[in-house]
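What follows is one structure encoded as C-alpha cells, with my remarks underneath.
Bear in mind that the values in this text are calculations on the coordinates, not laboratory data. Given the structure is predicted, the values throughout are model-derived calculations rather than measurements. When we count neighbours, we look across all protein chains shown, and the Cβ atoms used for this are built from the backbone with ideal geometry, even at glycine.
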Amino acid sequence: MLIKSLVVGPLEVNCFIIADDNTMEAMIIDPGDEPDRIMEIIKENNLKVKYIVCTHAHFDHVGAVADIKSETGAKVVIHKDELEIYGGAKDQAAFWGYELEPLPEPDMFVREGDKIEIGNLKFEIFHTPGHSPGGICLYGANVIFTGDTLFAGSVGRTDFYGGDMNELKKSFLRLMSLPQDTKVFAGHGSSSTIRHEKTNNFFNGEI
C-alpha cells in the first residue's frame, strides 16, 4: 500500500493519496486545496484515481474536488447525510473569506459498512457523525483515516452547523474500540495510533 500525504490550503488540511502499489489504482481523501500539487503526486507515481472521498464537506476539505474530478474523472464520494453541507460549501467558504468554485454533483453515496476498493485494498466506511452529520472514517489495512472526527490528542469541534457533541462522543468511543496498533491519519495535524489516543487524548476525560 502506498500512502502519500500533503498539507493543503490555508487551514492546513491533510490530503491523503492511497494506492494499491500493484495495480496503481488510487483514491484521494479530502483534496481541500492546491490541486496542482495533488496532481503532481498522481502523475509522478502513475496512479489511476478511482475515487475522490470526502470525509466530510466543510470547504477546507473539498476545495480541490472540482479540479481533481476534471483531471481524473474519478467518482466523488460522500455520505448522504453530508449532502446539505456539501451543497453549501461555497457559501461557507465565502463566510470565511475564501473563494470556492462550484462543486460537481456527488457520484456515489456511501453508508455505514460499505467498502471502498482500490485494487486489492478494501476500506470499510464508518459513519462517524459529531463534527458533521455525514462524517465518515475509512478503515482497512490496519490504518484509519478519520477526517475531523479524531485528531492526535483531540477531536473535531461541534459548534459548526450540524455538529453534535453526543454523536461525537459515540463516534469517539467506537474508534477507541479498534485494535490498539491501528494507525490514525487525521484531517489535520500529525498521525497517531489508537493506543496513543486511548491514553493521551483529552476527550477521554470528557466522556
Single match in LEU11, LEU83 (criterion: touching a residue at least 40 places away in the same chain (Cβ under 8 Å), hydrophobic (A, V, I, L, M, F, W, C) and assigned to a helix (DSSP H, G or I)): LEU83
Verdict on THR128 being buried (at least 22 other Cβ atoms within 10 Å of the Cβ) and touching a residue at least 60 places away in the same chain (Cβ under 8 Å): no
Test set (1) in contact with a helix residue (DSSP H, G or I) (Cβ under 8 Å, 6 or more places away or on another chain); (2) part of a helix (DSSP H, G or I) - LEU173 fails condition number: (1)
Boolean, ALA57 is within 15 Å of the chain's Cα centre (by Cα), closer than 25 Å to GLN92 by Cβ and without any contact (Cβ under 8 Å) to a residue 60 or more places away in the chain: no
Some residue of segment 78-87 being touching a Cys at 6+ places or on another chain (Cβ under 6 Å), β-branched (Val, Ile, Thr) and buried (at least 21 other Cβ atoms within 10 Å of the Cβ): yes
Residue in segment 132-150 that is exposed (fewer than 14 other Cβ atoms within 10 Å of the Cβ) and either in contact with an Asp or Glu (Cβ under 8 Å, 6 or more places away or on another chain) or not aliphatic (A, V, I, L, M) (or both) present: yes
Criterion (among the β-branched types (Val, Ile, Thr) and free of Cβ contacts under 8 Å to residues at least 60 places away in the same chain) met by exactly one of ILE116, ILE207: ILE207
Residue in segment 96-114 that is of a type in the set (A, V, I, L, M) and loosely packed, with under 15 Cβ neighbours inside 10 Å present: yes
Residues (crowded, with 19+ Cβ neighbours inside 10 Å and either out of contact with any helix residue (DSSP H, G or I) (no Cβ under 8 Å at 6 or more places or on another chain) or of a type in the set (Lys, Arg) (or both)) located in segment 1-46: ASN14, PHE16, ILE18, ALA19, ASP20, GLU25, MET27, ILE29
Residue check, MET39 closer than 14 Å to LYS122 by Cα, over 13 Å from the mean Cα position of the chain (by Cα) and not basic (Lys, Arg): no
Any chance ILE52 is farther than 21 Å from LEU2 by Cβ and crowded, with 22+ Cβ neighbours inside 10 Å: no
